[in-house]
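The block underneath contains the structure these notes are about, expressed in structure tokens.
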Amino acid sequence: MIVTLISQCEKKALARTRRVLDAFADRIGDNTWQTVITEDGLLALKKLLRQTATKNTAVSCHWIRGRRRSELLWVVGNRSKFNSEGVVPVNSTKRKILQNEWENNWQYAPSIQIIATLSALLHDLGKSTIGFQNKLTSSSFIGDPYRHEWISLKLFELLIADCPDDKAWLNRLLNIEQWLSENDIAQRFKQCNPDKTNIATLPPLAQWVAWLIVTHHRLPPVHETFYKPSEIIRLKNDRIAINSTLSGFYQQLRPVDFWVKNPRTLEDKSQNEIMPKLLAIQATGGF
């Protein structure tokens, strides 16, 4: 077998191990030897090294298994001079290099899973309308005036409209059947503005859920919701910094045509004819 021997000895141990290693292998560097040797010869070498070993002795033996692979066979002396694979460290530090508190965002994976699950439960509320249910049983392929995800967003906003913080609306969802029995959500829906969203005024966690609800099929076109076409061209050419805030984006978010709004359907019928059917909640006693 072909082996490479590395010496990390110090002081008098360096000279002693050199005499032993020079008798068995060719020195190819100041502290490196290589040779073709039998298994019995390697055992004899290891035995001699152990007989002369002190606290300053550190010799590793690597078996060359192929052109791109070697295997650490043994270490005689101070093992701390090598790692588990026989590699010698070149730098050391006492500085804390594992910044788990900010490098590993997966520590929040359980929270992300809970929010995603909650959003999934709420994202199809917009299908609980007489208009959408009638479309499922008919042969008509006419699109909805407002897509179900936008209706789901509006319903979610109404469900938590007067909640001051995230704890309040989460507690309301825990007792949603009782709250629905005391509030006429369908009547509130008829009176709301379908072209306006209140995401910017919601508590932080509710904003996150609302965004997942309304974008679970596709994101809004940015040039329609936040930037004008001329500004988009300028951003592409100049690479200027975008200083827009999330709150500012939510304030300008609206049901853009062909994103969550179907202008072709609205052209055929007036809004007053569509809204009563669209906003009549079919589900009763909870979602």
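Things worth noting here:
- Shown here for the stretch 33-92: trypsin sites (Lys or Arg not before Pro) in loop regions (DSSP other than H, G, I, E, B) with at most 13 other Cβ atoms within 10 Å, namely K55, R67, R68.
- Loop-located trypsin sites (Lys or Arg not before Pro) in the stretch 105-198, at most 14 other Cβ atoms within 10 Å (DSSP): K196
- Residues V76, V90, V59, V3, sorted so that the one with the fewest Cβ neighbours within 10 Å comes first: V90, V3, V76, V59
- The convex hull built on the alpha-carbon positions of the stretch 2-81 has an orientation-averaged projected area of 4.9 nm².
- Pairwise label distance in nanometres, D257 with I2, each label 7 Å out on the Cα-Cβ vector: 7.4
- Taking 25 Å as the limit for the C-alpha separation, the pairs K12/K96; K154/K261; K167/K261; K55/K96; K12/K94; K46/K81 exceed it in the case of K12/K96; K167/K261; K55/K96; K12/K94.
Every read-out reported here was derived from the displayed coordinates using simple, explicitly stated rules and does not represent laboratory data. Quick caveat: nothing in here was measured; it's all calculated off a predicted structure. Using ideal geometry, Cβ is built from the backbone for each residue, glycine included, and neighbour counts are taken over all protein chains shown.
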